[in-house]
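Novice: Right, I'll just put the structure down here and ask away after.
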Amino acid sequence: MIDANSYDRYDFIGMIVYEALRFKSPAPATSNYEFVKDCQVGKYSFKKGDKIAAVIHLGVHYNTSQWIRPNEFIPERFDPKSPLFLTPDGKKRNGYAWLPFSGGPRVCIGKTFAEINLKIISLYMSELFEIEFKDKEKYAGPTQFPEASAFQGKTIPVEVILRARK
């Protein structure tokens, strides 16, 4: 369990935000890419015109060669001092192991803006309010949590109760 008192609040919120983005990415797959010529990538052959998309959520964010206990929500994995910061074999994690906004030259133009806003809003909300789910039973289990996706047709509301902190 994470010890919130051992971290700066902004860093603590940042780890939670990054883990939430790893755990349930807002865009679970990349755009389609089209091959401009026939090629071989590892054991896979592609023809000119073939289209491919990377499934970030399952293929990258739950990759057992990059993440220790990938099916668990563990914010400490984003703390460079934590052993969970490394791969299961103790090496530095691949720079493309965390891609909620894609990466490289195709990274989302709003990535930095979104990250900063998520951290600041989460920080202020957690300082000003006690927050609890209205329907606690709906999110009671380890695999039951609210989620939304960029490709979701209809957003399902997550009802919460806010109480001003004293």
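Novice: Suppose the chain between I116 and I52 were pulled fully straight at 0.36 nm per residue; how much longer would it get relative to their current alpha carbon spacing?
Specialist: Roughly 20.0 nm would be gained on extension.
Novice: Considering the dipole of the chain built from charges on the beta carbon (Lys and Arg +1, Asp and Glu -1) around the Cα centre, which of Y18, I56, F145 is farthest to its positive end?
Specialist: Result: I56.
Novice: Using a 10 Å cut-off around each Cβ, can you sort V36, V55 from fewest to most neighbouring Cβ atoms?
Specialist: By the 10 Å Cβ count, ascending: V36, V55.
Novice: Tell me, what ³J(HN,Hα) does each residue in segment 100-111 have, in order and in whole Hz, if you take phi through Karplus 6.51 cos²θ - 1.76 cosθ + 1.60 with θ = phi - 60° and put x for Gly and Pro?
Specialist: After applying 6.51 cos²θ - 1.76 cosθ + 1.60, I find x, 10, 6, x, x, x, 9, 4, 4, 5, x, 3 Hz.
Novice: Okay, next question. Starting from the Cα of C39, step 7 Å along the direction of its Cβ; do the same at K154; then give the gap between the two resulting points in nm.
Specialist: If labels sit at C39 and K154, their model points lie 4.1 nm apart.
Novice: Cross-link candidates for K37: which aspartates and glutamates have Cα within less than 14 Å, leaving aside residues fewer than 8 places away along the same chain?
Specialist: Excluding near neighbours in sequence, the set is D50.
Novice: Another question, if that's okay. With +1 on each Lys and Arg Cβ and -1 on each Asp and Glu Cβ, how big is the dipole of segment 4-129 about its Cα centre, in debye rounded to the nearest 20?
Specialist: With Lys and Arg at +1 and Asp and Glu at -1, about 500 debye.
Novice: Something else about it: Which pairs in the list K81/K138; K24/K134; K81/K119; K134/K166; K91/K119; K92/K138 are over 32 Å apart, alpha-carbon to alpha-carbon?
Specialist: Over 32 Å Cα-Cα: K81/K138; K92/K138.
Novice: Sticking with this one: Skipping prolines and chain starts, which residues have an amide H placed within reach, meaning under 5 Å, of the one on V160, given they are 5 or more residues away or on another chain?
Specialist: Residues meeting the criterion, in which the H sits 1.01 Å from N, are K134.
Read the figures in this text as sums done on the coordinates, not as results from a lab. Given the structure is predicted, the values throughout are model-derived calculations rather than measurements. With ideal geometry, Cβ positions are generated from the backbone for all residues, glycine too; neighbour counts draw on all protein chains shown.
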